[in-house]
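Heads up: the structure comes next, in C-alpha cells.
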Amino acid sequence: DLNAMVADFHARNVAASFLSARSQQSFHAVNADEQGYVTDFGGKASDYWVNAGFFVLRQDIFDHLRPGEELVEEPFRRLIAERKLLTYQHPGFWRSMDTLKDKFVLDRMYAQGDAPWEVWRQPKVPRGG
C-alpha cells in the first residue's frame, strides 16, 4: 500500500524511507526495529528483508549526500545513526527484475498463470476480514 507508506513517512521526522520486502534472492539485508526505523543495512543475505527499490525522500536528503556518493551506502549509514531512515515492510509478493534471467523467471511465472503481482485480478478481500 504505497499510500500508507507515504502517509507513514509524512507522519515521522525522517529524511528517507524505502519499501522492504522478503526475498529468496541474495541482496543487501535490512534490519529494522518494531517501529520501522532501520537499525542496520548491508551484508549479503537471503530470505531476509531487502531494499525493494521504492523510495520516499524529503528535500533535505541532499544535505546527507556528499559528492561522489550513491544514495544507499554511506548516506543511509549516516541516516541510520541519526534515526532518520525508515522502512515500510511489504509482506506480499516481490521479486526483482534486474537481469535477463529475472525477466525469464517472471515471464515463465506469467505464462503458467502464476502472476501474484497482478493484484487487480485477485478477488478483493473486505477490510477487516
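Any chance you could check the Cα centroid distance between segment 63-124 and segment 6-23 for me, in angstrom?
13 Å
Considering only protein heavy atoms, with the full assembly of protein chains and a 1.4 angstrom probe, order HIS64, HIS10 by accessible area, largest first.
HIS10, HIS64
Based on the mean of other beta carbon atoms within 10 Å per residue, what is the order of 66-75, 52-61, most packed first?
52-61, 66-75
Computing the accessible area with a 1.4 Å probe over protein heavy atoms, can you report the carbon and sulfur percentage for the chain?
Carbon and sulfur together cover 52 percent of it.
By how many nm would the segment from ARG58 to ARG121 lengthen if fully extended, with 0.36 nm per residue of separation less the alpha-carbon distance?
In short, 19.3 nm is gained.
Of the options THR87, ASN51, VAL6, report the single residue whose Cα projects farthest towards the positive end of the charge dipole of the chain (beta-carbon charges: Lys, Arg +1; Asp, Glu -1).
Of THR87, ASN51, VAL6, it is VAL6.
Given the protein chains as shown and a 1.4 Å probe, how many square angstrom of THR39 are accessible, to the nearest 10?
80 Å²
Would you mind computing, in nm to one decimal, how far apart the modelled labels at GLU69 and MET97 are, each placed 7 Å from Cα along Cα→Cβ?
3.2 nm
Could you give the length gained on full extension between ASP107 and ARG77, defined as 0.36 nm per residue of separation minus the Cα-Cα distance, in nm?
7.2 nm
The values are calculated or read from the model by the stated rules, or taken from the named source; none is laboratory data. Predicted model, so just to flag it, every value in this text is computed and none were measured. No Cβ is skipped: glycine too gets one built from the backbone with ideal geometry, and neighbour counts run over all protein chains shown. Accessible surface areas use protein heavy atoms only, side chains included; no ligands, DNA or RNA. Shrake-Rupley method; radii C 1.70, N 1.55, O 1.52, S 1.80 Å.
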